[in-house]
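Working notes, beginning with the structure itself.
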Amino acid sequence: MQIEILSPGILSLIQDAGRFGQHAIGLTSGGPMDPTAFKWANRLLNNDQNATAIETTVGGLKIKSHGTTRVAITGAQVDVKINGTRQPQWQSLDLTMGDELELGYATNGCRIYLAVAGGFKIEKQFSSNSTVAREGVGGLTGKSLAKGDKLDCHALICQADAHQSLPQSLRPEYNDSVTLRVIPGYQQAHFSDHEKAMFFQNEFKVSELCDRMGYRLTGPQVSCDIDGILSEGICLGAIQVPKDGQPIILMNDRQTIGGYPKMGSVLSLDLANLAQLTQGGSVKFEAITIDDAHNLLALAQHKFENSKAEPVA
Amino acid sequence: MKIQVAGENALILYFGDAVSDDVSQSIQNVANGLSRYVGGVLIDMVPSYASLMVIFNPLLTDHLKVRQLIREALKNTSQEKADGQGSVITLPAYYGLDAAPDLENLAENAGLSCQQVIDIHTAMQYRVYAIGFAPGFAYLGEVDARIAAPRLATPRKKVPKGAVAIADRQTAVYPAVSPGGWNLIGLCPVDMFNPKAKPTMPVQVGDKVQFKSIEREEFLSLGGQLINGAG
């Protein structure tokens with residue numbers, strides 16, 4: 001049983017939860033830019049929540065099923081069509097031999113997830129399927145998906161189980177503006193109170209330089225009293241402030257070490273919302289403590305585990 | 001040593017403000033002490049010049065418990081003497097001008113002959129301080145101040161795989177074709193990163209590296225490739 005890529009659209013990548021424990025050889029973590037939407041795609045199919053799926057940015061993905069299976073599409077709001085007929089998102093959908101599924105272009109958000117029953121079966125590289133094109137690691141060939149690629153998955157013998165749908169009230173909403181909670185850290189002491197006030201009280205815009213590696217923002221200039229530091233580890237969500245004073249938020253495919261001063265890091269729950277923004281989106285920052293962050297993460301996990309998809313009548 | 005918050009699930013340990021073998025060794029010792037927790041409460045670690053970033057799973061532990069693990073690792077390693085467990089790896093390098101587009105320029109600016117630059121570069125053992133920027137990119141240091149050279153004003157779009165390079169007092173071998181602004185002084189035929197090989201990299205943080213000058217013929221016989229028009 002295979003899924004064939006008829007068109008990869010703007011950018012389609014194989015992703016699982018990410019690649020961990022490999023920073024010592026310089027490999028970054030990769031993984032889904034919006035982990036919540038990614039996990040829901042898997043949960044709607046009763047998969048392991050981190051089963052290997054496709055992340056499509058903006059849209060345009062077109063696939064053909066060479067067998068019988070189920071898929072679920074979550075994340076950014078997008079038209080989904082099977083053989084030309086519109087289908088819902090956030091719900092499991094049947095595919096049979098020869099069916100063609102096509103995504104339009106996102107109208108709200110920009111990261112779309114397509115999971116398949118049982119997950120895609122691809123040999124792992126460095127303990128993960130996550131594609132980091134810059135490193136040439138993961139996916140089928142270390143690159144983004146291309147026309148003609150064929151992805152192995154399990155054939156479903158029976159499609160009799162009720163379909164599952166995530167109730168509207170539990171679906172995330174993607175807005176054009178986000179507030180990012182920040183845990184101040186790293187070189188934050190090198191930013192004066194005035195510079196911190198500039199950073200936390202003003203609005204920034206997402207520039208055209210935004211991708212899986214980082215989101216460069218534009219806004220008031222934030223100055224640091226040092227230009228650079230000895231290169232050091234960069235964690236997910238770290239906020240680099242280079243000499244031009246325009247913050248860069250480092251995302252899943254970030255480089256693992258770097259020498260720019262950093263204000264702190266964005267809470268991962270909010271980073272997923274940033275990942276759904278495209279050029280022109282508005283960003284504000286709000287400071288929280290690391291203890292607040294731990295509480296928020298535990299709460300979000302509890303909420304996610306206790307949210308249930310509903311059978312479709 | 002001081003501990004700072006890096007992010008919701010990361011602490012960064014600063015061991016000093018300057019690059020030295022002692023600092024690097026202390027980082028290595030603490031990293032070794034913590035390594036048994038990786039895959040459990042710890043997700044990963046990033047050692048660098050004077051810091052160690054420790055990433056943990058915030059659903060299994062919290063920053064206070066991780067601070068405790070760090071203090072314990074520190075206490076246990078302070079009783080061990082820095083013993084420099086790292087191995088010494090010899091990397092062959094071909095310094096011919098057809099492999100070294102910046103060698104003449106670097107030598108001229110340094111007031112040295114090309115051969116003197118090569119002799120100085122191969123005379124020392126360098127420590128692997130950090131691995132990052134790209135998979136397999138090992139930051140080696142520190143080179144003799146006489147052959148230190150600033151990054152190019154305009155980085156190259158394409159640095160060849162295996163390029164032996166200098167930036168300030170750091171030296172490195174580019175593990176794959178990539179953009180880069182370091183001064184290229186030779187080519188190394190050894191794979192610095194091969195996903196199919198075990199180990200994936202010939203070096204790790206804490207190891208020592210010494211370059212050995214080889215002739216063109218040996219370079220080619222070791223599988224090295226000369227690409228014209230590097231840059």
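Each reported figure results from applying straightforward, stated rules to the coordinates on display, with no laboratory input. Keep in mind that what you see is a predicted model, and the values were worked out from it rather than measured. Ideal geometry is used to build each Cβ from the backbone, glycine not excepted, and the neighbour counts take in all protein chains shown.
Assorted remarks:
- Cβ-Cβ FRET estimate between B:Lys157 and A:Ser282, R0 fixed at 41 Å, reported to 0.05: 0.75
- Extended-chain gain in nm, criterion 0.36 nm per residue less alpha-carbon gap, A:Ala162 and A:Asp48: 39.2 nm
- Label zone at A:Asp225 (point 7 Å along Cα-to-Cβ), backbone N below 16 Å, the stretch B:1-28: none
- Diffusion of chain A by Stokes-Einstein, at 37 °C in a medium of 0.692 mPa s and with Rh set to the Kirkwood radius over alpha-carbon pairs, works out to 163 µm²/s.
- Computed over the stretch B:80-231, the convex hull of the alpha-carbon atoms projects to a mean area of 9.2 nm².
- Helix-derived mean residue ellipticity, 222 nm - over chain B, DSSP H n ≥ 4, -39500 (n - 2.57), to 500: -7000 deg cm²/dmol
- A:Ala117 sits among other residues whose Cβ lies under 13 Å from its own Cβ, and their net charge, with Lys and Arg +1 and Asp and Glu -1, is -1.
- Local electrostatic count, B:Leu112, Cβ distance below 12 Å [Lys/Arg +1, Asp/Glu -1]: -3
- For the pair B:Asn105 and A:Ile10, a Förster radius of 56 Å applied to the C-beta separation gives a FRET efficiency near 0.85, rounded to the nearest 0.05.
- Largest mean-square fluctuation among A:Leu101, A:Leu166, A:Leu209, in a Gaussian network model of chain A whose springs join Cα atoms under 10 Å apart, belongs to A:Leu209.
- Using the Cβ-Cβ distance between A:His154 and B:Lys75 with R0 set to 60 Å, the FRET efficiency works out to roughly 0.75.
- Gaussian network model of chain A, Cα within-10 Å springs - most flexible of A:Asp270, A:Asp149, A:Asp161: A:Asp161
- Rg over Rh for the stretch A:177-304 works out to 0.94, using Cα positions for both radii and the Kirkwood form for Rh.
- Helical contribution to [θ] at 222 nm, DSSP H n ≥ 4, -39,500 (n - 2.57), averaged over chain A, rounded to 500: -4000 deg cm²/dmol
- With semi-axes defined as the square roots of five times the eigenvalues of the C-alpha gyration tensor, the equivalent ellipsoid of the stretch B:2-79 measures 20, 13, 10 Å, largest first.
- For chain B, modelled as a GNM whose springs connect Cα atoms under 10 angstrom apart, the maximal fluctuation among B:Gln125, B:Gln116, B:Gln68 occurs at B:Gln68.
- Under a model in which nothing but the beta-carbon of Lys, Arg (+1) and Asp, Glu (-1) is charged, chain A shows a dipole of about 460 debye around its Cα centre.
- Cut-off 13 Å between beta-carbons: net charge of the residues surrounding A:Lys284, Lys and Arg +1, Asp and Glu -1: -2
- Space enclosed by the convex hull of the alpha-carbon atoms of the stretch A:43-133, per residue, Å³: 100 Å³
- Euclidean distance of C-alpha centroids, the stretch A:216-236 and the stretch A:250-313, integer Å: 19 Å
- Descending Cα extents along the principal axes, the stretch B:28-129, whole Å: 57, 30, 23
- Fraction of the pair-distance distribution of the stretch A:1-91 above 22 Å, Cα-Cα pairs, percent: 30 percent
- Volume per residue that the Cα convex hull of the protein assembly as shown spans, once the total is divided by residue count, Å³: 152 Å³
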